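Undergrad: One structure coming up, written as structure tokens, with questions to follow.
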Number of protein chains: 2
Amino acid sequence: MKLEVVTIGTELLLGQIIDTNAAELGRALAGAGVEVVRHVSVADRPAAIRAAVAEALDRTGFVLTTGGLGPTRDDITKREVAGLFGKPLELDAAVLRSLEERFHRLGRTMPAVNRTQAEVPAGATVLPNPRGTAPGLWVEDRGRVVVMLPGVPSEMRGLLAEEVLPRLAQRNPGTVVRSRTVRTTGIAESALAERVGAIEAEIAPLTLAYLPSVEGVELRVTAWGLRADDAERRLAAAATQLRARAAEHCYGEDGTDLAAVVLNQLRARNARLVVAESCTGGLVSGRITAVPGASDVFIGGVVAYDNVVKSGMLDVAPELLEQHGAVSEPVVAAMAEGVQRQFAVDAAIAVTGIAGPTGGTPEKPVGTVWMAARHASETRALQRIFPGDRGEIRARAAQAALDLLRRLLAGGGQQ
Amino acid sequence: MKLEVVTIGTELLLGQIIDTNAAELGRALAGAGVEVVRHVSVADRPAAIRAAVAEALDRTGFVLTTGGLGPTRDDITKREVAGLFGKPLELDAAVLRSLEERFHRLGRTMPAVNRTQAEVPAGATVLPNPRGTAPGLWVEDRGRVVVMLPGVPSEMRGLLAEEVLPRLAQRNPGTVVRSRTVRTTGIAESALAERVGAIEAEIAPLTLAYLPSVEGVELRVTAWGLRADDAERRLAAAATQLRARAAEHCYGEDGTDLAAVVLNQLRARNARLVVAESCTGGLVSGRITAVPGASDVFIGGVVAYDNVVKSGMLDVAPELLEQHGAVSEPVVAAMAEGVQRQFAVDAAIAVTGIAGPTGGTPEKPVGTVWMAARHASETRALQRIFPGDRGEIRARAAQAALDLLRRLLAGGGQQ
């Protein structure tokens, strides 16, 4: 089963917000065996919306839209789709009532502007939206379907899971589009490609893609239009091959976050973790605490942005800072030891570097980062010079620092 | 001037990566007076790429693509576009030489797979890409233009700024598409809409959009196809009106980050800042240190994830924790005072809450967060119950904690 996605919003084309809905729809629909064959974004303009939806309907007969349904957006999507199907807009009493109740619960009377949100194309199925004021709409006529969802991500997500996917599941003829991803870090795309070699023929009809990001390179294999059990079997075999070839650079699959991997390694040892970070300024702790349940392993950390904190709270000797500079192997090792001692725990991560845009020197250019991982009495330190802007350098440093501890705990794989 | 953007990558349609390139292109092109009238995403499939580029060329005559140029992707975009223009691919000696030199600098010999990257459609202009191996390509014939850029964001960004925008500037007939954004936080979209009122007629021909996110609601005004000076004058007037109506909820314009605003407020007082955070686990420090030059104001912080850190490093009395719980007004106030004393500085932010998915109770449901801002001897504390998942709750809490200090320093606007 195939459909097209049309995301509506001038701000998307102006690039003033990033279109996360398109990605989220693609992921959820693929999981349900529905292939998004094209995604189009158009502005909040009636003619543009109508043209994009009409063309997509002509190509695939099934279109899912997001956006253009909110109270401040003049409901233009609904009006254009109704026009395309030759249906009038009618006031839906149930929608109006639930809108009024929602405002009542919040202790307010409903502004008149919200009343148009209760109008729906004649014959449309209303998809209730408990998270917001604009309901979703499912319009179907002579085999052509347009499903309209609001653009607010949390509302879109709820309607998709609760209303749209169950209806699509009933239509699916039994094949799925499914992927598996092998995640690597600490190795460049071309080096990884050489290690993996010419695997495409072996894994066919699955396809393989290399996806580099600041967290590393992902190897994604995809099964297209196979039966679910066949797809799962082939994907499992391909993932096993890819993991073997990526070897120590592989830290997990699919959505696995490196921070969760490290937390699991420590949990298995009943060890507790602390972090001391300078240039990453809280990002390593942020990555760790983004993992639900981190609190049984992660105690806390120190953001030692100023040298006064490095010496005052982490016991880094001022002589080390003076002699080697804050971005150096002796200092990062002293930070890891200091924070471990301060919190009296088993494991520690430390990071110090130059994230830019200023602060670089010929010897230590912007992007120079020293990282240390410590477990019991063993410290491993690593210097890298990361490319990219301040944000990328910080994100790469956080990932590499977590990876350093992963490799130390795994007992091998020095970078 | 108008063009269409085609982003290429199966992973985009499967939603396995978010298409940040589309947003970045839209923003940069709008700033250069070029309107992106449509954005299409298609899979890494020759027929899909050719159809999307051909249709876009028919509609607007000018297409910009990203993706499908990397060494592991079989260069399919280049091949399809060459076919569309009826041009053969030819080995470009200069591109081959620069590829070989790049590998030489990295101390490696060039894998054969990279050699096809030196092939270009006959007559194409090569856009040098110092950040990666795939150059950009500009193919132009009888008034139709296709510009191909790599999909790696940092490479795309560099080529756009250095090679594409200067060429587009020469073609622009003198009008621009330009926006200004007034950023608000701590007020809901519908409440903000009532404050702003029916301003659309007053600001016409500019258009207004409300853009809610975890950081607050942005008010965006856009001028379409006006002369640059006229657009600037009208946008400045509209932004002034919107700021006045948003009043204390407005913290800045355009890309202004709230953390940068707070840093500037503190810098003007010669004050220094520290942070103590529990449920946000480093995100508040991360927001602050993402701002270049934060180091003259921000000293550091403590991630007090475990209660042992709250009492041990922040001097929060164990009785307070026992009596009121970690998520309470007395504890958040004690955290702010403790971290301020510990680092001996003027200003402090503290956050403690329940980010979920577990840990909620009927009295303190998931999403309950206490925040405190402290300056000199004045503390302001605020409780909020944030909607959303763990990530959204943490992001909203970080923004609200920064906003609390902003309002305290501004001397008014209690939420």
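Just so it is clear, none of the values below were taken in a lab; they were calculated from the coordinates. Note that this is a predicted model, so its numbers are computed, not measured. Glycine also receives a Cβ, built like all others from the backbone with ideal geometry; neighbour counts cover every protein chain displayed.
Undergrad: Efficiency by 1/(1 + (r/R0)^6): what FRET value for residue A:195 and residue B:315, r their Cβ-Cβ distance, R0 = 41 Å, to the nearest 0.05?
TA: On the way: r = 52 Å, r/R0 = 1.27.
The formula returns an efficiency of 0.20 here.
Undergrad: In addition: How far, in nm to one decimal, is residue B:123 from itself in the other copies if the label point is set 7 angstrom along Cα toward Cβ? Shortest first, please.
TA: Computed spacing set for this position: 5.0 nm.
Undergrad: Putting +1 on Lys and Arg Cβ atoms and -1 on Asp and Glu Cβ atoms, find which of B:291, B:369, B:279 reaches farthest to the positive end of the dipole of chain B.
TA: Going by the Cα projections, it comes out as B:291.
Undergrad: Per Stokes-Einstein, at 37 °C and 0.692 mPa s, what whole-number D in µm² s⁻¹ belongs to region A:2-169, with the Kirkwood radius over Cα pairs as the hydrodynamic radius?
TA: Working: Rh = 15.9 Å.
Rounded to a whole number, D works out at 206 µm²/s.
Undergrad: Something else: Quick check for me: using +1 on Lys/Arg Cβ and -1 on Asp/Glu Cβ, what's the dipole size of region A:53-145 about its Cα centre, in debye to the nearest 20?
TA: Details: 13 positive and 12 negative charges, 61 e Å.
My answer is approximately 300 debye.
Undergrad: For A:109, B:65, B:256, what's the fewest-to-most ordering of other Cβ within 10 Å of each Cβ? Display every interim value, and only then the final one.
TA: Numbers: A:109 8, B:65 29, B:256 14.
Taking fewest neighbouring Cβ atoms as first place, the list is A:109, B:256, B:65.
Undergrad: Place +1 on the Cβ of every Lys and Arg and -1 on the Cβ of every Asp and Glu in the protein assembly as shown, take the dipole about the Cα centre, and give the residue among A:316, B:347, B:156 whose Cα lies farthest towards its positive end.
TA: Checked the options; the winner is B:156.
Undergrad: Give the residue from A:132, B:208, B:395 lying farthest towards the positive end of the charge dipole for the protein assembly as shown; charges sit on Cβ (+1 for Lys and Arg, -1 for Asp and Glu) and the dipole is referred to the Cα centre.
TA: B:208
Undergrad: Okay, moving on. Could you run the Karplus curve 6.51 cos²θ - 1.76 cosθ + 1.60 with θ = phi - 60° over region A:244-254 and give me ³J(HN,Hα) per residue in whole Hz, x for Gly and Pro?
TA: 4, 6, 6, 6, 5, 7, 7, 10, x, 10, 6
Undergrad: Hey, which lysines would be in cross-link range of residue A:78, C-alpha to C-alpha under 18 Å, not counting anything within fewer than 8 residues on its own chain?
TA: Excluding near neighbours in sequence, the set is A:87.
Undergrad: Let me ask something else. Along the Cα→Cβ direction, 7 angstrom out, place labels at residue B:232 and residue B:358. What is the inter-label distance in nm?
TA: Taking the simple label geometry, residue B:232 and residue B:358 are separated by 5.8 nm.
Undergrad: Run through the DSSP bridge list for the protein assembly as shown and note the antiparallel percent, rounded to the nearest 5.
TA: So the antiparallel bridges in the protein assembly as shown amount to around 65 percent.
Undergrad: Suppose every Lys and Arg Cβ carries +1 and every Asp and Glu Cβ carries -1, with no other charges. What dipole size does the protein assembly as shown come out with about its Cα centre, to the nearest 20 debye?
TA: Working: 92 positive and 96 negative charges, 96 e Å.
Here the protein assembly as shown has a charge dipole of around 460 debye.
Undergrad: Let me ask something else. What FRET efficiency would be calculated for the residue pair residue A:126, residue B:161, taking the C-beta separation as r and a Förster radius of 45 Å, to the nearest 0.05?
TA: Working: r = 47 Å, r/R0 = 1.03.
The calculated FRET efficiency here is 0.45.
Undergrad: Over chain A, what portion of Cα pair distances is larger than 31 Å, expressed as a whole percent? List each step's numbers first, then the result.
TA: Details: 46327 of 85905 pairs.
Looking at chain A, the distances longer than 31 Å represent 54 percent of pairs.
Undergrad: Over chain B, what is the relative contact order in percent, taking alpha-carbon pairs closer than 8 angstrom and at least six residues apart?
TA: Working: 781 pairs, mean separation 44.1, N = 415.
It rounds to 11 percent for chain B.
Undergrad: Let me ask something else. Quick one: net charge around residue A:328, please, counting Lys, Arg +1 and Asp, Glu -1 for every other residue with C-beta under 13 Å from its C-beta.
TA: -2
Undergrad: Right, another one. Around residue B:173, with a cut-off of 14 angstrom between Cβ atoms, what is the net charge of the other residues, counting Lys and Arg +1 and Asp and Glu -1?
TA: On the way: positive: B:2, B:171, B:227; negative: B:35.
Combined, the nearby Lys, Arg, Asp and Glu give +2.
Undergrad: Next question, about the same structure. Can you give me the distance in nm between label points at residue B:240 and residue B:376, each placed 7 Å from the Cα along the Cα-to-Cβ direction?
TA: 3.3 nm
Undergrad: Grab the other residues whose beta carbon is less than 10 angstrom from that of residue A:232, score K and R as +1, D and E as -1, and report the net. Spell out each step's value before the answer.
TA: Values: positive: A:178, A:180, A:227, A:233, A:234; negative: A:229, A:230.
It works out to a net charge of +3.
Undergrad: Here's another thing I want to ask about it. Rounded to whole Hz and in sequence order, give me ³J(HN,Hα) for region B:293-300 from the Karplus expression 6.51 cos²θ - 1.76 cosθ + 1.60, θ = phi - 60°, writing x for Gly and Pro.
TA: For region B:293-300, the Karplus curve yields x, 5, 5, 7, 10, 8, 8, x Hz.
Undergrad: Mind giving me the FRET efficiency for residue A:268 and residue A:188? R0 is 35 Å, r the Cβ-Cβ distance, nearest 0.05 is fine. Don't jump to the answer; show the numbers that get you there.
TA: On the way: r = 30 Å, r/R0 = 0.86.
Calculated value: 0.70.
Undergrad: Dipole size in debye (nearest 20) for chain A around its Cα centre, Lys and Arg Cβ +1, Asp and Glu Cβ -1? Before the final figure, lay out each step's value.
TA: Values: 46 positive and 48 negative charges, 129 e Å.
Charge dipole of chain A: 620 debye, to the nearest 20.
Undergrad: I would also like to ask the following. Under 24 Å between alpha carbons, and skipping anything fewer than 8 positions from residue A:364 in its own chain: which lysines qualify?
TA: A:310
Undergrad: Rg and Dmax of region A:175-253, Cα atoms, in Å?
TA: According to the Cα coordinates of region A:175-253, Rg and Dmax are 12.1, 36 Å.
Undergrad: Hey, another quick one. Report the convex hull volume per residue for the protein assembly as shown, counting only C-alpha atoms, in Å³. Please list the in-between numbers first.
TA: Details: hull volume 140.4 nm³, N = 830.
So the per-residue Cα hull volume is 169 Å³.
Undergrad: Considering every pair of different Cα atoms, what Kirkwood radius, in Å, is found for region A:316-413?
TA: The Cα-based Kirkwood calculation yields 13.6 Å.
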